[in-house]
Amino acid sequence: MKQALLIVSFGTTVPKAKLDIEGVERALAEAAPQMDVHRAYTSSIIRRILSGRGEPVPSVEEALEQLAEQGYTHVYVQPTHLLPGVEYAKIKRALHSFPRRKRFEKLALGSPLLPDNRSLLELAGVIGTCYLPEEGALVLMGHGSESFANLVYPALQTVLALSGVERAYVGTVEGWPELDQVLEQLKRTEYRQVKLVPLMLVAGDHAVNDMAGEAPESWKSRLEAAGYAVSCHMDGLGSQPAIQAMYQKRLRALLETAQ
């Protein structure tokens, strides 16, 4: 039996943000020391840019083909995506279309970081412990999704409030709620300081530009224009040991159910 752990991320072109992915990859490797670890990215745009830099990363389909050629019999795929959204659906389609019965004895897929209520409660605890500022409000910038999975963001807002993390507000770049809704909530408070944190695996392009950029439409600029003193946390969730431990739980659950 030859086993492989395929860790699948959206990917990033920001060199520093790659460290966030690598932090999770190391944690997952520690949780499965009996397996050889491999990487794949779901974003075709990021893969194309990295390939042009001489840093190729395979797609899920390409990685599976390589693993089959290398003689792996058992392949466990663990995503680092936060939601069971569009990118996670890509991984499911790739595994479903791969002729695994002819190529592998076992091909199994793990869940993303936030698949259920318990995971939201756990994330809310991490946010309250690791990210809440001493003064003022915490604003979390998520990516957002066009899929039904986007409901995770307003659900997290509710879980935070019910868990007593009342100074935390959740918005998204490409989903709902948006920064407009966050600003409306902040206006009803007396907070004058805001800490911005990317609610993403990596502090990549969205964090660097949409969150912390100097352009007038960035979240930092818009909050400052509204009169708030703003600080920016420039590490993704993947750098946080407590988040890495959550991913390890997802992998352990995969290995237990795949037996």
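We did not get these values from a lab; they are worked out from the coordinates using the rules stated. Since the structure is predicted, the reported quantities are computational estimates derived from the model, not experimental observations. Counting neighbours? That spans all protein chains shown, and the Cβs are built from the backbone with ideal geometry, glycine included.
For the reader, a short list of remarks on this structure follows.
- For the chain, the relative contact order comes to 22 percent (Cα pairs under 8 Å, sequence separation of at least 6).
- From helices alone, the chain scores -13000 deg cm²/dmol at 222 nm; the rule is -39500 (n - 2.57) for each run of n ≥ 4 DSSP H residues, then divide by the residue total.
- Net length gained if the chain between E256 and D205 were fully extended (0.36 nm per residue, minus Cα distance): 14.8 nm
- Cross-link reach list, lysines versus K106, counting only Cα pairs under 18 Å and skipping chain neighbours closer than eight places: K2, K92
- A DSSP coil position with no more than 10 other Cβ atoms inside 10 Å describes the following GluC sites (Glu not before Pro) in the range 190-252: E190, E214, E217.
- Separation of alpha-carbon centers, the range 122-153 and the range 55-109, rounded to whole Å: 29 Å
- Protection proxy ranking of 231-238, 15-22, by the mean of other Cβ atoms within 10 Å over each peptide's residues and highest first, is 231-238, 15-22.
- Placing +1 on each Lys and Arg Cβ and -1 on each Asp and Glu Cβ, with no other charges, gives the range 155-239 a dipole about its Cα centre of roughly 360 debye.
- If the segment from M1 to E184 were pulled out straight at 0.36 nm per residue, it would be longer than the present Cα-Cα gap by 60.2 nm.
- Inter-site label distance for L19 and E105 at 7 Å from Cα along Cβ, in nm: 4.1 nm
- Sequence-distant lysines (8 or more away, or on other chains) whose Cα lies within less than 26 Å of K195: K16, K18, K187, K220
- Between E224 and L151, residue separation times 0.36 nm minus the direct Cα-Cα distance comes to 23.5 nm.
- In this Cβ point-charge picture (+1 for Lys and Arg, -1 for Asp and Glu), the chain has a dipole of about 820 debye about its Cα centre.
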